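Working notes for the structure below.
Just so it is clear, none of the values below were taken in a lab; they were calculated from the coordinates. Here the structure is a predicted model, which is why all the values come from computation and not from measurement. When we count neighbours, we look across all protein chains shown, and the Cβ atoms used for this are built from the backbone with ideal geometry, even at glycine.
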Amino acid sequence: MSTKRWLAIVFAAGLFLISSAVTMFTTVFSTSWDELFQSENVFHENVISQGTGNGKIVVVHLNGVIESGYDTASIFQTAGYNHRNFLDQLDAAANDSNVRGIIVRVNTPGGGVVESSEIYDKIVEIQEEYRKDVYISMGSMAASGGYYIAAPAKKIFANPQTMTGSIGVIMQSINIAELADEFGVSVEVIKSGPYKDIMSSTREMTEDERMIMQEMIDESYEQFVDIIEEGRELSRAEVYNLADGRIFTGRQALEAGLIDGLGHLQDVYEILMEDLGYGDLTVVEYESSLGFASLFSLSVQKLFAREADIFNLSNWLQQNHGPRMMYLYTG
């Protein structure tokens, strides 16, 4: 083993020992040092605009594909969307008595049907139970699941060039049956029922199987139509006319009635501030803190770059081993 690799192992072990010692010390003495060595799921407030009024507006960022596969941190894991963390941020804003309104800044092509539904339910809960308005500020993309979670908000804004829409559901799989035949690869399957290996990548789908999957897709699609019909106060016929999977620019979405206005993030919080009527409010954004866990992870990733690539590929394969329904723009 090279000297560099030995030094890397010693360094990582040293960080681990220091982390363990700090954790034990803070547990025993209950000091406030936990803020210095906080975990990935802890976040703090960053002031965007300092106001003079009583209260604040919180901006919560949704960046990346909406999925829950990477909620458990790993030392080899790179930063990305964290579903649990995002829901926790919404909860924190809802429970903070100083928060007058919430803006969700959306930059996503969409994602999982279940995860999108959980965010949708959380936004509805905040507005109905906590009586706090939620506004949406769309960034470069807020498509499919990104629009799904925006639909219940009181107001939606986008940049004129935002890509949004893509209303619909998709499920994909790769069929390698012909390739396997060409190389003489056979797959033996023992199953408890005729549909247990539905959408298998090693054989063609039957018509019965296609009908079963289409029924599932149609059910999720109708749910998507429901939330737009309710949230945007459009007729069902109007929604069906828009919900064919096409994407819209922000300007086209405004003309179609899918959003309420055009503007950047600053425009949105100024509009929300005026609508709330509490005067000049402070605007803050929630940011994930770069605590000890993050620093440790970054150090290990740099030292073991090749191993990290292999781990992330393996983790991706585990999380994506089977097809699933997605509110996702794949263009």
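Which of rounded, prolate, oblate describes segment 116-196, given a ≥ b ≥ c as roots of the alpha-carbon gyration tensor eigenvalues and a/c under 1.5 marking rounded, otherwise prolate only if a/b is larger than b/c?
Because a/c hits 1.5 or more and a/b fails to exceed b/c, segment 116-196 counts as oblate.
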Quiz item: Which residues' amide hydrogens lie under 5 Å from the amide hydrogen of Val42, considering only partners 5 or more residues apart or on another chain, with H built in the peptide plane?
Solution: Ser289
Quiz item: So, counting K/R as plus one and D/E as minus one, what does the shell of residues with Cβ under 11 Å around Thr164 add up to?
Solution: +2
Quiz item: Fewest to most neighbouring Cβ within 10 Å: what's the order for Glu67, Glu188?
Solution: Glu188, Glu67
Quiz item: If amide H atoms are built 1.01 Å from N in the plane of the peptide, which residues on other chains or at least 5 residues away come under 5 Å of the amide H of Met138?
Solution: Val106, Phe157, Ala158, Asn159
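So what's the net charge close to Ile217: Lys and Arg +1, Asp and Glu -1, counting the other residues with Cβ under 13 Å from its Cβ?
-3
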